[in-house]
Amino acid sequence: MDTYAFIEDYLSDNQNGMKNLITWFLNQVMLMEALQQAGAGHYERTDERKALRNGYKSRTLKTRYGETTLQKPQFRNMPFETQIFGKYSRVEKALVNVIVESYLQGVSTRKIQDIVSHLGIEQLSPASVSRMARDLDEQVQAFLTRPIEHKIPYIFVDASYFKVRDGVRYVNKAALIVAGIREDYRREVLGVTIAACENEDFWLSIFEDLKERGLDGVQMVVSDGHKGIQKAVEGAFLGSSWQMCQVHCSRAVLKNIPRKMQKEIGECLRDAYGSEERLQALADELNDKGYRKAANTIERFIPGLLNYTAFPKEHWKKIKTTNMMERMNKELKRRTRVAGVFPNDESLLRLIGAILMDINEEWVTGRRYLSDERE
């Protein structure tokens, strides 16, 4: 399958995206093995040729993403030998590294060549490796720009921070991630952008881009208390509400409370989150005790702390916080730890995008995240 057809197939059925990516990659590996063993390209005329190509033979292979059908090259005058089927457990581990680690140096040709060498495939040409890196990059970009086909009543936004090289210094950059819960109550990764700031205009541009891709039906946006997000929500999603993540609110309040009292006040906060009156009473109590900053924090967020109660009660636990995003961010940190510092924004976006493809595959094909009130 050529790259264009691959992207078209992926866009039309993104639930099988990761399996398609694995299929494409393993077919590319076998093509490179065939080039090495034949000693010449498919239609190349040369005295160095050792074998003539004779089409392909379909072979199935079971992966953790499901059974896939590969196209094994055939020769007329000698058997074609491949490492893929005999050593797949090792191939799959190396493949994960290719999908992830190949992005660490901004699609480094040398890096990909080193990883593919672990499959037992030596002396790949720089042109072949560069082509593989370029095509992998296209698949991730296709995922990040794909049409949004479902209505998304709840969206969640959060940022995860990484060190990126900027000239001779290293700076913190935010991977701004937007995910949603669809009308069928399954989760879906909607987009990611790398940024050095999180102001209103930036978030508004992200939301408008998602709307151009088809984002529709948004009823509530859940995030931390960043003012830029709140203002952008008001501008981009008229008629929707903004929910302040209760976990982030607790953190913001407790950092202004002495450590010895944080457990007690934390419990008071959890009890107060169900009622605006209780929240105001707790703010008044903290103010009377001299914890003005903590009290002001509660009062500032009260208008956004209870918006989740307008939705089905069985959804409350999972839509009043950004815990869904926190777990995603932990997975991103775990799987990017090998990278250390990223050489540029592009390499960070490629790696994050590749990991999010994997996470999205599990989300859209897995169990529903919310229960259906009709059941």
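Read-outs: derived from the displayed coordinates by stated rules, not from any lab. Bear in mind that the values here come from a model prediction, so they are computed numbers and not experimental data. Heads up, the Cβs are rebuilt from the backbone with ideal geometry, glycines too, and the neighbour counts pull from every protein chain shown.
Take the Cα of residue 270, step 7 Å toward its Cβ, do the same at residue 330, and the gap between the two points is 1.6 nm.
Working from label points 7 Å from Cα in the Cα-to-Cβ sense, the residue 256 to residue 277 distance is 2.5 nm. When the C-alpha to C-alpha distance is required to be over 30 Å, the pairs from 173/231; 293/313; 72/330; 211/293 that qualify are 293/313; 72/330; 211/293.
Based on Cα coordinates alone, diagonalise the gyration tensor for the range 150-232, multiply each eigenvalue by 5, take square roots, and list the semi-axes in whole Å, largest first.
Values: eigenvalues 133, 34, 25 Å².
Output for the range 150-232: semi-axes of 26, 13, 11 Å.
Taking amide H as placed 1.01 Å from N in the peptide plane, the amide H of residue 274 sits under 5 Å from none that are at least 5 places away or on another chain. How large is Rg over Rh for the range 154-332, taking Rg from the Cα atoms and Rh as the Kirkwood inverse mean of 1/r across Cα pairs? Here the Rg-to-Rh quotient is 0.99.
Taking Lys and Arg as +1 and Asp and Glu as -1, the other residues whose beta-carbon sits under 13 Å from that of residue 285 total -3.
Could you work out the percent of alpha carbon pairs in the range 253-375 separated by over 24 Å, rounded to a whole number?
Above the 24 Å cut-off, the range 253-375 has 52 percent of its Cα pairs.
The 3J(HN,Hα) values that the Karplus relation (6.51, -1.76, 1.60; θ = phi - 60°) gives for the range 216-226 are, in residue order, 8, x, 5, 10, 8, 10, 10, 7, 7, x, 4 Hz. Gly and Pro appear as x. Note that the range 25-37 has calculated 3J(HN,Hα) couplings of 5, 5, 5, 5, 4, 5, 4, 5, 4, 5, 4, 5, 6 Hz, one per residue in order, obtained from phi through the Karplus relation 6.51 cos²θ - 1.76 cosθ + 1.60 (θ = phi - 60°); glycine and proline are x. Taking θ as phi - 60° and the Karplus parameters 6.51, -1.76 and 1.60, the scalar couplings of the range 362-372 work out to 5, 5, 6, 9, x, 5, 5, 7, 10, 7, 8 Hz in sequence order, x denoting glycine and proline.
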